[in-house]
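Chemist: One structure, pasted below without further comment.
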Amino acid sequence: MKIVKLLILLMVLNVVVIAQQRPHYTQYLQNMQVINPAVTGMFRALEIRGGVRNQWLGLESSPKTSYLTISTPINFDRDMLIAGSADYGVDEIGTRSDKNSYLSSENHHGLGATILNDQTGSFGRASINLTYAYHLALGDIANLSVGVGGGVGRISLHANELNFEDPFEPALAEGSTVKWIPDVNVGVYLYAHQFFLGASMQQVMKQKLVFNSNYEDGLEVSHYFINGGYRFWVTEDLSFTPSVMFKYIKPLPVGIDFNLRMSYRNNFWLGGSYRKKDSFSAIMGFTISKTLDAGYAYDITRSSLNAVSNGTHEIVIGLKL
């Protein structure tokens, strides 16, 4: 019975309670809000972005993630009325000449929401967070923002989907078990037309994950992220942006993502990513219209899972209104 309890614990925590509890994102540069609430309201538009990620395709009970983010800049006039989103935030530049006309945004607020659903076998996590950020102008070329996200998370275990040698295993009687927990994230972000630097912390409020008093307790752990990048112009229309992200989740060693993106006028981009001791990724995307863009990433794992997995697929679609 002790062995069975341990197996249940490992399934519940998955890589989850003892390690990675939040999903991986290969295209987080296309939607930084999923890891840092401080980018909420950064751009001069109402942005709606959605993504789906199927990890380790071909492997039974592999992680599947979907998410949706909403973000808009706002401000209040002297009468405390909300000003339009088109009056605040920054625009993405598409050519080297655009640098000369780039201006930082006036001080403003950002409001948004992040909705996440992550399922790995019988273990699931869903959350909804409202996000807020304040963007401070640092002269004419840069902004510094501070953000927070707060909401609730729903963690579920479907014990009846697990396989046991003993058909009378007590866990089967539990069926589906659900736990609701508070979810708080914070972050800071420094950005200009040519660089960005951010730091964030997810799962600020550590919560115990207790599904049944007969089983061991799990514990949520905080996730820490630091990332930055710099954009180099090769020609008037072509640019390269190398970037790096450091991720720390106790008790794991520090994880590092290296990224390189080549962009043509922000109309089309190609890139690659290397996640230390984990995977290689190929990334591509394009702008369909002034209001619509899409990106795709394919990950190849470097672990032994590569023998039974057909890789990881991720799609991100963005809408600017």
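The values are calculated or read from the model by the stated rules, or taken from the named source; none is laboratory data. Since this is a predicted model, take the numbers as computed values, not measurements. For neighbour counting, all protein chains shown are included, and Cβ atoms are generated from backbone atoms with ideal geometry for every residue, glycine included.
Chemist: Let me spell it out: the conditions are (1) within 12 Å of the chain's Cα centre (by Cα); (2) among the charged types (D, E, K, R); (3) at pLDDT below 95, and R49 meets all of them except one. Which number is the exception?
Modeler: It fails just one condition, (3).
Chemist: Right, another one. I need the full set of residues from the stretch 119-155 which are farther than 14 Å from V184 by Cα, crowded, with 21+ Cβ neighbours inside 10 Å and within 16 Å of the chain's Cα centre (by Cα), in order please.
Modeler: Selection gives R125 alone.
Chemist: Turning to a different aspect of this structure: Restricting attention to the stretch 160-169, does a residue exist that is modelled with pLDDT under 95 and either under 23 Å from the mean Cα position of the chain (by Cα) or in a helix (DSSP H, G or I) (or both)? First the steps, then the outcome.
Modeler: First, the residues of the stretch 160-169 that are modelled with pLDDT under 95: 160-169.
Add one more test, that the residue is either under 23 Å from the mean Cα position of the chain (by Cα) or in a helix (DSSP H, G or I) (or both), and what stays is 160-161.
The answer is yes; a qualifying residue exists.
Chemist: Of the residues that sit in the stretch 286-295 and are surrounded by fewer than 16 Cβ atoms within 10 Å (Cβ to Cβ) and either modelled with pLDDT of 95 or more or not small (G, A, S) (or both), which one is farthest from K320 (Cα to Cα)?
Modeler: Within the stretch 286-295, the subset surrounded by fewer than 16 Cβ atoms within 10 Å (Cβ to Cβ) is 286, 288-292, 294.
Applying the additional criterion that residues be either modelled with pLDDT of 95 or more or not small (G, A, S) (or both) yields 286, 288, 290-292, 294.
Working: F286: 14, I288: 11, K290: 8, T291: 5, L292: 6, A294: 12 Å.
Within the stretch 286-295, the match that is farthest from K320 (Cα to Cα) is F286.
Chemist: Inspect the stretch 226-246 for any residue being assigned to a strand (DSSP E or B), surrounded by 15 or more Cβ atoms within 10 Å (Cβ to Cβ) and modelled with pLDDT under 95 and give the result as yes or no.
Modeler: Taking every residue of the stretch 226-246 in turn, none turns out to be assigned to a strand (DSSP E or B), surrounded by 15 or more Cβ atoms within 10 Å (Cβ to Cβ) and modelled with pLDDT under 95.
Chemist: Residue pairs, Cβ under 6 Å, 6 or more apart or interchain, first in the stretch 176-192 and free of Cβ contacts under 8 Å to residues at least 40 places away in the same chain and at negative phi, second surrounded by 14 or more Cβ atoms within 10 Å (Cβ to Cβ) and outside any strand (DSSP E or B). List them.
Modeler: So the pair list comes out as T177/F211; I181/Q207; V184/V204.
Chemist: For residues that are among the hydrophobic types (A, V, I, L, M, F, W, C) and crowded, with 17+ Cβ neighbours inside 10 Å, scanning just the stretch 264-283, find the one that is nearest to F232 (Cα to Cα). Walk me through how you get there before you give the answer.
Modeler: So in the stretch 264-283, the residues among the hydrophobic types (A, V, I, L, M, F, W, C) come out as 268-270, 280, 282-283.
The next check asks that each one be crowded, with 17+ Cβ neighbours inside 10 Å; those that pass are 269, 283.
Values: W269: 14, I283: 19 Å.
Residue satisfying both the conditions and the ranking: W269.
Chemist: Of everything in the stretch 97-130 that's of a type in the set (A, V, I, L, M) and free of Cβ contacts under 8 Å to residues at least 60 places away in the same chain, which residue is farthest from I181 (Cα to Cα)?
Modeler: Applying the first criterion (of a type in the set (A, V, I, L, M)) to the stretch 97-130 yields 103, 111, 113, 115-116, 126, 128, 130.
Of the ones still in play, those that are also free of Cβ contacts under 8 Å to residues at least 60 places away in the same chain are 103, 113, 115, 126, 128, 130.
On the way: L103: 41, A113: 17, I115: 15, A126: 10, I128: 11, L130: 15 Å.
If we take residues in the stretch 97-130 being of a type in the set (A, V, I, L, M) and free of Cβ contacts under 8 Å to residues at least 60 places away in the same chain, then L103 is farthest from I181 (Cα to Cα).
Chemist: Further question on the same structure: I need every pair where a residue in the stretch 39-66 that is free of Cβ contacts under 8 Å to residues at least 40 places away in the same chain and assigned to a strand (DSSP E or B) has its Cβ under 8 Å from the Cβ of a residue that is among the acidic types (D, E) and surrounded by fewer than 17 Cβ atoms within 10 Å (Cβ to Cβ), sequence separation at least 6 or different chains.
Modeler: As it stands, the answer is none, since no pair meets every condition given.
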